[in-house]
1. Would segment 108-128 turn up any residue that is aromatic (Phe, Trp, Tyr), more than 19 Å from Ala71 (Cβ to Cβ) and in contact with a helix residue (DSSP H, G or I) (Cβ under 8 Å, 6 or more places away or on another chain)?
2. Would you mind telling me which numbered condition in (1) open to solvent by 50 Å² or more (accessible area, probe 1.4 Å); (2) closer than 18 Å to Arg131 by Cα Pro64 fails?
3. Quick one: is Arg88 more than 26 Å from Thr50 (Cβ to Cβ), open to solvent by 70 Å² or more (accessible area, probe 1.4 Å), in a helix (DSSP H, G or I) and at pLDDT 90 or above?
4. For Leu56, indicate whether it is in a helix (DSSP H, G or I), in contact with a strand residue (DSSP E or B) (Cβ under 9 Å, 6 or more places away or on another chain) and over 21 Å from Val143 (Cα atoms).
5. Give segment 143-182 a look and list any residue that's in contact with a strand residue (DSSP E or B) (Cβ under 7 Å, 6 or more places away or on another chain), free of Cβ contacts under 8 Å to residues at least 60 places away in the same chain and of a type in the set (S, T, N, Q), or say none.
6. Given the condition buried (at least 17 other Cβ atoms within 10 Å of the Cβ) and at pLDDT 90 or above, answer yes or no: does some residue in segment 167-175 qualify?
7. For residues that are surrounded by fewer than 13 Cβ atoms within 10 Å (Cβ to Cβ) and in a helix (DSSP H, G or I), tally how many sit in segment 91-126.
8. Can you tell me which residues in segment 127-159 are more than 28 Å from Ala87 (Cβ to Cβ) and either open to solvent by 30 Å² or more (accessible area, probe 1.4 Å) or assigned by the TED database to the domain that holds Gly57 (or both)?
Amino acid sequence: MTTPLPAMSTPPQTDRFGLSSVLENIAATTLKHLRQGGYVSEDEGEALLTTYRSKLGSNTSPAPDFLHFIAETQAQKHTLTVDGEVARMQKVLRSSLNDRVHYWTFGPLSGKPSSLYDHCPDLRRICTVLRCPATLAGETSIVHVASINPVTALVASFLIGQELGRASEGESPFIFTFLTDLPSWQTLMQRHFA
């Protein structure tokens, strides 16, 4: 059974404020899946979400990825590393999202880090705020999107598809979403958004 993602009929504005509500919806959806998978209780989840919302309201730019935020918060409590905590949550999320996001274990994403952003400059802002590195895989009809949070990767894929469809007068690219481990994601973030 496939679990629905946050409803979005049109892409939000690409300014920080416009994407703040998208980040909040991603956090709420991620948390819902983590609760259903037994990772956090209702009370723990509400406390984490409240703290994350206050971070979104602050002037922190860009906002932290919700999964990374939880991992940093929960790692000490569970006596795991942040990387171990991310892997634990990814397992819960992948089981609830079935095969919609694949695990990337092949090193860096194929393609030049700036290829997608050179082709469609508005996507740099979206990908930066969502913290989802993305590349064109050789041509404009194939895009790879990576994240440590599969919910974020799926939302980013939707927004990228909408933006590229608009730029190419309706032709939708093939977008492949990938989940990476924390060190790989941090390396991709550095390469794409440093």
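1. Our first condition is that a residue be aromatic (Phe, Trp, Tyr); within segment 108-128, this holds for 117.
From the residues that got through so far, the ones that are more than 19 Å from Ala71 (Cβ to Cβ) too are 117.
Still in the list and also in contact with a helix residue (DSSP H, G or I) (Cβ under 8 Å, 6 or more places away or on another chain): 117.
For segment 108-128, residues aromatic (Phe, Trp, Tyr), more than 19 Å from Ala71 (Cβ to Cβ) and in contact with a helix residue (DSSP H, G or I) (Cβ under 8 Å, 6 or more places away or on another chain): present.
2. (1)
3. Numbers: more than 26 Å from Thr50 (Cβ to Cβ): no; open to solvent by 70 Å² or more (accessible area, probe 1.4 Å): yes; in a helix (DSSP H, G or I): yes; at pLDDT 90 or above: yes.
Answer is no for this residue.
4. Working: in a helix (DSSP H, G or I): yes; in contact with a strand residue (DSSP E or B) (Cβ under 9 Å, 6 or more places away or on another chain): no; over 21 Å from Val143 (Cα atoms): yes.
Judged against the criteria, Leu56 is not a match.
5. Residue satisfying the conditions is Ser157 alone.
6. Here is the first cut: in segment 167-175, the ones buried (at least 17 other Cβ atoms within 10 Å of the Cβ) are 173, 175.
Filter once more, so that each one left must be at pLDDT 90 or above: 175.
Yes, segment 167-175 contains at least one residue that is buried (at least 17 other Cβ atoms within 10 Å of the Cβ) and at pLDDT 90 or above.
7. Looking only at that region, the number is 3.
8. Taking segment 127-159 as the starting set, the residues that turn out to be more than 28 Å from Ala87 (Cβ to Cβ) are 136, 138-141.
Across segment 127-159, the qualifying residues are Gly138, Glu139, Thr140, Ser141.
The values are calculated or read from the model by the stated rules, or taken from the named source; none is laboratory data. Everything numeric in this text was worked out from a predicted model, so none of it was measured. Neighbour counts run over all protein chains shown; Cβ positions are idealised from the backbone, glycine included. Keep in mind that these areas ignore ligands, DNA and RNA; they rest on the heavy atoms of the full protein, side chains included. Shrake-Rupley method; radii C 1.70, N 1.55, O 1.52, S 1.80 Å.
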